[in-house]
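Just so you know, all these numbers are worked out from the coordinates, no wet-lab data involved. Everything numeric here is computed off the predicted structure, so don't read it as measured data. Backbone-built Cβ (ideal geometry, glycine too); neighbour counts: all protein chains shown.
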């Protein structure tokens, strides 16, 4: 009989652990229930290879389960996050650690493994890090090759990295590799991703993050799919000065068809960051 259900999920403001005790009601046959699992001796946790002091700055307790990538835990937990890349709690599988509001505790971490092999875990779009000094640069051409790579690759190498000051997903921004970006307002200028951010501010942040100098904006389609109309579903850059737009049938007149025609119209009437007309 299942006596407790735990679900650890990642939300916009960090991870949460939801616990449902006795999901099938109080009482019942317990150990005599058909299919009941009788627990054996308690398992000992693995020997930690790293000790970190973690302070919960949130007004509520935060719990983290055994195999959650500690680098990606709730951002209200304050600790040396870069040191926790590729690590998990040194507790038995299925166990969890509770961090009470306002308190600091020391926890042990071990390397995150997959099928018995040491492996770098995936990094979600909500992952955060605290490098000593975020690197800044002007919007003037693409960054040097190899200097801006995902934290999944920089972490194991111990290379510092910085995160962009806006929220987006893969496919939300197209770049031509020569200083021009394109995106939809419906996806990025949306309160579910970048609340309160103006187009001017977001344009500057995107240029800084991508090493670009120009952003071509399309209106997009709000609230019709989970991406709010990522630009790559309709328009792509093929090369500097070359773009492709997936056009609808002449008889199509839905929101996406209108959006595609607008994207084509805007692109054909605009230029690259270098002033060249799109072909």
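Here are the numbers:
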item	result
Rg(Cα)/(2.2 N^0.38 Å) for region 181-269, N = residue count	1.10
Fully extended contour minus Cα-Cα distance, from residue 226 to residue 254, at 0.36 nm per residue	8.3 nm
Label-point gap, in nm, between residue 219 and residue 279 - each point 7 angstrom along Cα→Cβ	3.1
Ordering of 196-206, 245-255, 64-74 by burial proxy (mean other Cβ atoms within 10 Å per residue, highest first)	64-74, 196-206, 245-255
